[in-house]
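Colleague: Pasting a structure below so you can have a look.
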Amino acid sequence: VAELLAVFAIGVTVMNFIYIDPRGVPIDQIGVSGFDAFYHIKMAAMLPEVGLVEDFPWLRYVYFSQMDSSFISHHYGFHLLLAPFVRAGHWLVGDYLTGGRWAISVFFGVTLMLFHGLLMNERIGWRWFWLVMFLLLPSQFFGRHAFVRAISPSLMFMLGIMLLVFRERVVWAGVAVAGYCHLYLGSVVYTPMLIGLFVFSSMLGPRGDRRVPWRLVLWTTLGWLVGLRTYPYFDGALEFLRMQILGTGLNPDIPVGGEWNSYDNVWQFAVKMCGPLLAVWAGALALRVRIGGRLNAREMSLLMINFALLFLTFKAKRFIEYWPAFCLLSAAFMAAPVLNPLAAWFDPCGERVRALKQALIRMALAAGVCGLVLAGVHVAGSDGIEAFLVEWPIWVLLATGLLLIPLARIWLPASPDGDGRPQALGPVAFVCLLGAGYAATLILLGRYDFGVMDGRLAKLSPGVWGWVALGAVYVGVAYWVRRTSTERSGATVVARLFNSATVITSGVVVVGIVLLLCARPLSALQRDVYCGYNLPAIRSAMAYLKEVSNPGDVVFTDDWDVFPVYFYHNSYNNYIVGLDPKFTHSREPELWERFVRITRAQVPRTFEAHWTGPDGNEVRRQLHVELSDIRNYFGAKYVMVDSDHKHFARKLAQSPEFTVLIYPNTDYQACKDDPYLIFRVRDDVHYATKSPAGPDDGILYLSELDPESASQGWGELARDRSVSGEPIRLDDQFHARGLGSHAPHELTYAIPTGYSLFEATVGINRSTNGLGSAIVWVEVDGSERYRSPVLTGDGESVRLRVQVSGGQRLTLRSDTTADGDRFDHVDWAMARFARPASPPIE
């Protein structure tokens with residue numbers, strides 16, 4: 001327990017060190033790294049108020065499932081784990097982002113602890129070596145885990161499941177698999193890979209040890225099915241995975257996030273970035289092939305998982321978050337049968353061939369000291385490592401937690417059977433309490449200043465109290481040695497002192513080498529993962545936007561990846577695209593093509609766009625893009641542009657008939673270099689159809705009236721928009737007024753006095769990309785006055801003119817057809833009551 005607590009503390013501290021901003025920004029203002037981190041923290045912070053989100057109005061043009069625009073949160077379990085941390089961060093320091101960093105530090109500590117637990121379960125010797133190698137994994141591995149995303153808890157679940165599988169705790173393994181499904185939807189793919197490769201390895205194990213673990217297959221399959229079926233967003237989960245894996249991940253047809261790109265330079269990946277890891281793994285494999293026996297099921301499964309994740313890493317950079325840990329585990333398990341006897345022979349606590357062993361140990365220590373000196377010479381004068389090396393006391397304090405175990409093993413009385421374990425519960429309880437006190441000391445040092453830390457709290461410096469705590473640890477060990485001196489037998493006190501000195505000296509050498517080797521990559525990582533957003537400028541811009549806009553007003557952004565940070569600071573407004581470019585391209589490929597050209601300031605322009613249609617065939621279409629599409633197609637009322645898109649901002653500033661600069665002031669030349677500009681879209685934009693008529697034109701639009709009753713198959717009745725929030729668009733024409741509904745529906749309106757006609761253009765909104773079909777009809781006082789043919793998403797709309805004079809109630813109905821109700825977005829464009837002298841619909 002104490003060893004695992006020490007490893008946990010090391011993981012937490014390393015991740016906290018990575019989060020320290022080298023620019024000296026206060027810890028409660030440094031933000032978080034990664035694009036999506038702000039989204040996850042915001043969703044976790046909103047959980048107590050909004051619960052599980054079923055409708056996501058903050059993104060207007062994204063595709064989440066096959067059920068129209070229903071929201072699929074494939075990270076909802078991660079948000080549940082985050083929620084206590086982000087709420088605690090807000091409560092203690094007034095910042096949700098700080099709570100997100102706390103959460104990832106804890107998750108990473110548990111991940112490292114489970115990695116170490118797998119080594120302990122296999123009784124692998126020299127675990128300190130594998131712990132050192134873990135800290136020397138590629139910096140990209142640590143960088144990915146520093147993101148406030150489901151990466152660390154996902155790897156945590158993967159390692160936990162493997163630990164349960166190796167210990168043959170099949171029921172708990174099934175429970176863990178179910179929990180993993182709820183944590184992160186990607187587990188639907190990862191879990192079968194882990195379990196399947198272990199089952200396959202068990203069937204190929206050494207002769208006499210081959211078996212089919214049916215109970216494991218049964219319980220983990222049951223856990224997988226239960227976890228998936230009880231997933232709150234199960235209805236669209238598989239469709240979402242198909243789009244995410246095939247559309248964004250393995251076979252993207254548009255540019256997506258850089259994490260999905262492959263490593264272009266294989267030589268740089270294999271030598272410069274992952275050279276030490278691959279060298280250790282190759283050495284372990286060579287040792288095992290040359291000296292060891294045949295791989296057992298555990299070793300073979302880790303080897304195959306290593307190869308599977310390595311293949312995925314070459315396919316997409318993002319899998320660097322998983323592969324290094326399993327590669328190192330594979331090396332440790334393969335080398336264990338060869339290194340364990342060697343580790344036991346070098347054990348300073350052993351008594352056989354004492355003189356020779358002590359001489360060899362001294363030689364090893366001398367070589368270690370030389371290595372420490374050489375490593376110091378190697379990094380001497382390097383820029384950017386001072387922040388790491390100046391904190392050497394905290395690293396020594398953490399390493400002390402690991403040294404407690406061999407020291408206790410040297411001094412505590414062993415059991416009579418000679419297995420090296422303590423005699424009774426008392427010594428075990430003492431070590432556990434010592435470890436708990438050690439962890440508590442670290443927590444107190446990280447939380448309180450005590451007025452003696454010289455203002456260096458942000459750098460985790462232990463200061464005076466750190467050395468007091470370290471001394472207390474050794475005083476505690478010495479006190480226990482004195483209390484149990486009459487019970488000890490075997491080695492003399494002198495031998496025990498020598499062995500203790502050996503352990504401490506070895507620890508100092510190892511810690512020194514690790515500090516010097518980790519200094520440069522971890523210090524550089526601080527610079528790589530700090531938040532690149534100008535958070536004060538974003539807060540100011542968003543505060544202004546909330547003051548001048550109405551709730552739900554749509555903001556057109558200059559890129560898709562800025563949505564999370566905007567959403568975190570302003571959920572008062574809605575946005576157009578975000579989280580993943582494929583989310584928009586899959587649902588609205590034409591809109592995506594327009595978005596790309598507009599944000600690149602490539603307007604006006606006519607071009608041929610092509611994409612894959614719902615039927616799998618290629619669609620080619622001539623598109624003409626103008627700046628006014630921001631209003632006509634996206635329905636945006638504001639445009640927010642950052643300093644990276646100056647061409648777009650200039651295009652907006654040069655179009656005063658369309659947009660007006662309102663923030664930070666109205667003079668574009670004076671503020672063109674400011675971090676963020678906000679433009680207001682003018683309301684008097686030209687539409688393809690007639691603008692709303694005036695009050696004296698003899699026309700009364702239904703969108704201005706409240707229906708007496710309204711029911712429909714999906715969503716809510718929309719005024720002057722389609723049911724999914726897009727502009728009303730029929731036959732490639734946009735309509736300023738109308739009703740947006742979903743078949744089947746029934747809408748009843750009172751016929752106002754003096755009006756004798758009902759007019760409308762009816763069809764399926766073009767945003768469905770040709771999908772959807774319905775039949776509509778009109779009734780007056782229960783008598784049918786009009787019935788349409790089958791209206792389809794790729795067909796023409798119909799214009800109708802119905803006499804309603806003398807009637808009391810107008811009812812608009814629709815029904816589905818044989819293809820079901822998917823995408824049956826029925827628009828009653830320009831629906832209105834009219835007098836006979838009023839002009840017809842244009």
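Colleague: With every protein chain present, what is the per residue accessible area of region 525-677 (1.4 Å probe, Å²)? Could you put the intermediate results ahead of the total?
Modeller: Details: 6230 Å² over 153 residues.
Dividing the accessible area of region 525-677 by its residue count gives 41 Å².
Colleague: Rounded, prolate or oblate for region 517-660? Axes are the square roots of the Cα gyration tensor eigenvalues, ordered a ≥ b ≥ c, and the cut-off for rounded is a/c under 1.5.
Modeller: Oblate, because a/c is 1.5 or more while a/b does not exceed b/c.
Colleague: Where the accessible area of region 690-842 is counted over protein heavy atoms with a 1.4 Å probe, how much of it, in %, is carbon and sulfur?
Modeller: 46
Colleague: Would you tally the net charge around residue 537, using a Cβ to Cβ cut-off of less than 14 Å, leaving residue 537 out, and scoring K and R as +1, D and E as -1?
Modeller: Net charge in that neighbourhood comes out at -3.
Colleague: Hey, can you find the accessible area per residue of region 706-801 for me, probe 1.4 Å, expressed in square angstrom?
Modeller: Ligands and nucleic acids excluded, the figure is 39 Å² per residue.
Colleague: Hey, another quick one. Of all the accessible heavy-atom surface of region 544-588, with the other protein chains kept in place and a 1.4 Å probe, what percent is carbon and sulfur?
Modeller: Within region 544-588, the accessible surface is 41 percent carbon and sulfur.
Colleague: Let me ask something else about it. Counting pairs of alpha carbon atoms under 8 Å apart in space and at least six apart in sequence, what relative contact order in percent does region 121-202 give?
Modeller: For region 121-202, the relative contact order is 24 percent.
Colleague: Largest first, how would 43, 273 line up by accessible area (1.4 Å probe)?
Modeller: 273, 43
Colleague: Could you do me a favour and compute the accessible area per residue for region 84-223, 1.4 Å probe, result in Å²?
Modeller: 37
Colleague: Right, something else. Share of region 63-200's accessible area from carbon and sulfur, percent, 1.4 Å?
Modeller: 68
Colleague: Quickly work out the residue 88-to-residue 120 label distance, labels modelled 7 Å from Cα along the C-beta direction, and quote it in nm with one decimal.
Modeller: That separation, rounded to one decimal, is 2.1 nm.
The values are calculated or read from the model by the stated rules, or taken from the named source; none is laboratory data. What you are looking at is a predicted structure, and each value in this text was computed from that prediction instead of being measured. All Cβ positions, glycine included, derive from the backbone under ideal geometry; neighbour counts span all protein chains shown. Heads up: the accessible areas ignore ligands, DNA and RNA and are worked out on the full protein's heavy atoms, side chains in. Shrake-Rupley method; radii C 1.70, N 1.55, O 1.52, S 1.80 Å.
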